[in-house]
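Let me begin by presenting the structure, written as structure tokens, before commenting on it.
Coordinate-derived values only; no laboratory data. Remember, predicted model here, so these are calculated numbers, not experimental data. Cβ sites come from the backbone with ideal geometry, for glycine too, and all protein chains shown count toward neighbours.
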Amino acid sequence: MNGHSSANGDDDDFDWDTEDELEVDDHAVSRSGVTVPGEEAVLQSAKANSSAESSSSKVTGHFVSMGFRKEMVAKAIEENGEENTNLILEALLQYSEAGSSKSKLIDHFKGMGFSEEMVLKAIQENGDENTDSILETLLTYAALEESAPVQHADCDYEGGFLDDFSDFSDIDSSSDSEEFLNPDSDEESKLLFLTKMGYSEAEASTAMERCGPDSSIAELTDFICAAQIAKAADALLPPEEKKPFCTDFKKRRKLDYDLLKKKKMKLERRFGDGDEVLHLPNPMLGFGVPTEPFQRTQRVLPEAAIGPPYFYYENVALAPKGVWQTISRFLYDIEPEFVDSKYFCAAARKRGYIHNLPIDNRFPLVPLPPRNIHEALPLTKKWWPSWDPRTKLNCLQTCVASARLTDRIRKAVENYDGDPPANIQKFVLEQCRKWNLVWVGRNKVAPLEPDEVEMLLGFPKNHTRGGGSSRTERYKSLGNSFQVDTVAYHLSVLKDMFPGGINVLSLFSGIGGAEVALYRLGVRLKTVVSVEKSEVNRNIVRCWWEQTNQTGILIDIPDVQELNGERLEQLMSIHGGFDLVIGGSPCNNLAGSNRHHRDGLEGRESSLFFDYCRILDLVRCKMAENR
DNA sequence: CCAAAGATGAGGGGTATG
DNA sequence: CATACCCCTCATCTTTGG
């Protein structure tokens, strides 16, 4: 996780570098992929280092920047010499505290068919945090092995690039280099800094010329990256795919980026052929829903998956390819249960759930919520035109339609006495489906009100209302939440098992979907430790907790990073172990509606999934110890 | 008058299904 | 091939509160 984790504070604080940082990641991957055709990658970079002035400290710095302790690195270098960074890395992995999770990562990629050597190399280049980058690098290696070797002479930048990138990637989080990022720094110091980062003087000065004297270090390195990537792309891509030179730097950068993205997709498709594909069930009934006859009451859990504690993980079903395989792999290879909440309420919500709960003797919350639009929103029935065939709403999302759109629809429809012509109907229906609009008057559609969303999702009315929550925030929090009836159905098996109540660790709690589900099931909440970064959401849960006269204790923690082994141990010794670890990690880098950063499980927010795993592992270890 | 919070509107593509 | 769908982000405008 990089320095400014999304778990604390909003992204707004870091506007200035977010985009660049992400792009640099991608550049680095593709660049390194091209400049490193064979197995000498590591040696090569080591050589480049030793030719630099203070090679030993640079090697040390490199590994320290990867998150290893300085003493450890020193020990590893002493044992293995500084020439073979591969050996050093291996040694570090062995005695690192994070060794277990790293070897898990290595195993993960080895399981995908990559050689250990390649995997280690890729991890070394990308760090162990960004598995997507690692995968991308591995895919590039694989592609390069297949295709003709790339000429080395083509690239002037090979000198220590790998290590330089690691150094650079560190700049954002290392406070003592902040001065260099100051756009006011004078030209000489910028030049010096760039060369210190390993770029050639020629590159640095070209970049300064092109970007102007006021450009920041970030802009300059971006430019250099783009120049390098352009070269790399030229070498990699067949001539017909080359784009004409584009003078607009930003545009050009985007072009290169898009090209490489496509390339990656192509590779993944080819590479993924051998892999098993995880299909979403159709209809999406999971192991069964209360309203349909299909039901599965038995399954065999992998040995490693069996609790305590019970755990329950949720995320969007329609994630990019491979994401659910990865999630499942990290959660003890349990088969995900994909369920569409349209079988529980009047709105669709396709989600995947991975849990180790029993699946027999489930029961639903009563009363069963209305399952079509007219029952859920009776006032719309009067105005619903016969040519709108919808009976269910689409997924309730975080944003709602603009007034301008509903106005356009009104104008389009009110021109006609009877039914509008087919093309108008098509347009209106398209927009209604896209924005979940309902008919609230003659020729009048409208987005759902927040309290209607609360009802559809199974929350008490006004659950998110007031207490400092704005309208937009309500939509956002609700859109990011559980459908309570669906989750409650899965959790219902706990009721008989824990008549005295349970201790819950609720990660990424949001507005408390899990807590509300358990409460509505009649499961007593003894202790709830709730981790949620949004203060507004924490207040919502706190208010709900107090007004429902809970007899247990609610502890809220704002930052998931705070929940380390020590803190967990403390909590568990005071309150007893946890019976249930529950949470849905952020989906915004997985969700289809995200136009900008649908980066997969390694995205800035969605990568918090790995914190879920980390914490679950810690709880499991401590629970096993105390048995 | 200003700054900050809130609301608004514009905006693409991956993945599955037929 | 077309079609449907998706726990969305960003820049900009508007409102609020001092």
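For a footprinting-style exposure proxy, rank A:278, A:456, A:571, A:368 by other Cβ within 10 Å, fewest first.
Ranking A:278, A:456, A:571, A:368 by Cβ neighbours within 10 Å, fewest first, gives A:368, A:278, A:571, A:456.
Among A:342/A:381; A:381/A:426; A:533/A:622; A:321/A:434; A:381/A:476; A:381/A:533, which pairs are too far apart, with a Cα-Cα distance over 29 Å?
Over 29 Å Cα-Cα: A:381/A:533.
With the contact rule set at Cα under 8 Å and sequence spacing of 6 or more, what percent relative contact order holds for the stretch A:373-457?
38 percent
Calculate the FRET efficiency for residue A:627 and residue A:461 from the Cβ-Cβ distance with a Förster distance of 45 Å, rounded to the nearest 0.05.
The value I calculate is 0.55.
For a protection proxy built on the mean count of beta-carbon atoms within 10 angstrom, sort A:391-400, A:533-542 highest first, please.
Final packing ranking: A:533-542, A:391-400.
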